[in-house]
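The values are calculated or read from the model by the stated rules, or taken from the named source; none is laboratory data. Computed from a prediction, not measured in an experiment: that's the story for all the values here. So basically every Cβ, Gly included, is an ideal-geometry build from the backbone, and we count neighbours across all protein chains shown.
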Amino acid sequence: MKLSRIHHVAYRCKDAKQTVEWYVKHLNMDFVLAIAEDQVPSTKAPDPYMHVFLDAGQGNVLAFFELPNSPTMGRDTNTPEWVQHIAFKVDSMATLEAMKQKLEASGVEVVGITDHTIFKSIYFFDPNGHRLEIACDIGTPEMYQKLDAVKWEMLEEWSQTRRAPRHAAWMHDKEFH
């Protein structure tokens, strides 16, 4: 038995309306659904919420919960803020560059364009403090094949040593940049 796809990924937001408007404006997502309840269906807890759903393309849905009766939203302070993020894919470098310009023109602080050898990306934060990435694949079939061939060996070495394996060190060689 295999999963068919992600139905949706849900995060918390500070303000559902502000969040929907931000994603529509800056990432051109469609607002597809809102669900509001006074009681949590799964736990029956009396905790009102607004649950909004945005289409990130091709059936990939990003959802948010606004929880007015919960403590102020925070983040996992033991995890660096660059780790937890949502990455979206675009079709070309031209699209990536245009999105960077659009975000910056709207006052959104953008890091990058960052070169990861097999893709390039930009990073920024939404109004809730969630880190977002927009990525464009640029690797060759040979690059992806080389990475695929060593993934299990790399994982095994990492699990034994907790040090970065060198199987894909070629990604950082100057000849690829």
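When both residues are 6+ apart or on different chains and their Cβ atoms are under 8 Å apart, which pairs have a first residue that lies in the range 43-58 and is over 11 Å from Leu33 (Cα atoms), and a second that is hydroxyl-bearing (Ser, Thr, Tyr) and in a loop (DSSP other than H, G, I, E, B)?
Short answer, once both residue conditions are applied: Asp47/Ser70.
Within the range 132-146, can you find the residues that are crowded, with 16+ Cβ neighbours inside 10 Å and without any contact (Cβ under 8 Å) to a residue 24 or more places away in the chain?
Passing the criteria: only Gly139.
So, in the range 12-34, of the ones that are without any contact (Cβ under 8 Å) to a residue 60 or more places away in the chain and within 18 Å of Val108 (Cα to Cα), which residue ends up farthest from the chain's Cα centre (by Cα)?
Glu21
Of the residues in the range 112-131, how many are out of contact with any helix residue (DSSP H, G or I) (no Cβ under 8 Å at 6 or more places or on another chain), surrounded by 16 or more Cβ atoms within 10 Å (Cβ to Cβ) and farther than 22 Å from Leu147 by Cα?
3
Any idea which of Ala164, Ala168, Ala149 is in contact with a helix residue (DSSP H, G or I) (Cβ under 8 Å, 6 or more places away or on another chain), over 30 Å from Ala34 (Cβ atoms) and free of Cβ contacts under 8 Å to residues at least 12 places away in the same chain?
Among Ala164, Ala168, Ala149, only Ala164 is in contact with a helix residue (DSSP H, G or I) (Cβ under 8 Å, 6 or more places away or on another chain), over 30 Å from Ala34 (Cβ atoms) and free of Cβ contacts under 8 Å to residues at least 12 places away in the same chain.
Can you name the residue in the range 55-67 that is surrounded by 11 or more Cβ atoms within 10 Å (Cβ to Cβ) and in a loop (DSSP other than H, G, I, E, B) and, of all such residues, is modelled with the lowest pLDDT?
Filtering the range 55-67 for residues that are surrounded by 11 or more Cβ atoms within 10 Å (Cβ to Cβ) and in a loop (DSSP other than H, G, I, E, B), the one modelled with the lowest pLDDT comes out as Gly59.
Looking at Gly74, is it closer than 24 Å to Asn28 by Cα and loosely packed, with under 12 Cβ neighbours inside 10 Å?
So Gly74 does not fit the description; no.
Return yes when Gly107 is surrounded by 11 or more Cβ atoms within 10 Å (Cβ to Cβ), at positive phi and not charged (D, E, K, R) and no when it is not.
Considered against the rule, which asks whether it is surrounded by 11 or more Cβ atoms within 10 Å (Cβ to Cβ), at positive phi and not charged (D, E, K, R), Gly107 comes out as no.
Which of (1) exposed (fewer than 11 other Cβ atoms within 10 Å of the Cβ); (2) not aliphatic (A, V, I, L, M); (3) not in a helix (DSSP H, G or I) is the odd one out, the single condition Trp152 does not satisfy?
So Trp152 meets the others, but not (3).
What number of residues within the range 70-98 satisfy the criterion of being outside any loop (DSSP other than H, G, I, E, B), free of Cβ contacts under 8 Å to residues at least 40 places away in the same chain and of a type in the set (A, V, I, L, M, F, W, C)?
Residues that pass the stated criteria total 2.
Considering (1) surrounded by 15 or more Cβ atoms within 10 Å (Cβ to Cβ); (2) in contact (Cβ under 8 Å) with a residue 12 or more places away in the chain, say which one Glu157 fails and leave the rest.
Condition not satisfied by Glu157: (2).
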